[in-house]
């Protein structure tokens with residue numbers, strides 16, 4: 001899958017950037033694996049049983065990428081690169097909209113009061 005120069009193939013780059021191509025499983029299979037095996041560890045990430053991977057990718061792309069990253073534990077290098085891509089995207093969004101980060105902080109802080 002990795003060529004002799006250590007670069008990623010086009011399919012791997014697509015998977016890393018978008019989570020749309022996986023070496024052995026379809027996106028819907030990966031989403032089902034998350035529901036079956038990982039959802040109990042992430043109770044705050046409730047995914048409707050009726051939503052497809054494509055719909056989730058369109059509606060909540062970061063959540064989709066995080067799910068794909070979590071269930072791709074056997075593709076370690078791709079998992080790391082997907083994580084880097086995701087962090088970069090989130091960092092860019094926060095730098096473009098710094099007030100959003102402050103708003104998230106305020107919402108989180110207000111939820112912690114007892």
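Bear in mind these aren't lab numbers, they're just calculated from the coordinates by the rules spelled out. Quantities reported herein were computed from a predicted structural model and do not represent experimental measurements.
List of remarks:
- Shape of segment 51-97, Cα gyration tensor, a/c cut at 1.5: oblate
- Were the residues from residue 94 through residue 54 laid out at 0.36 nm apart, the gain over their Cα-Cα distance would be 11.9 nm.
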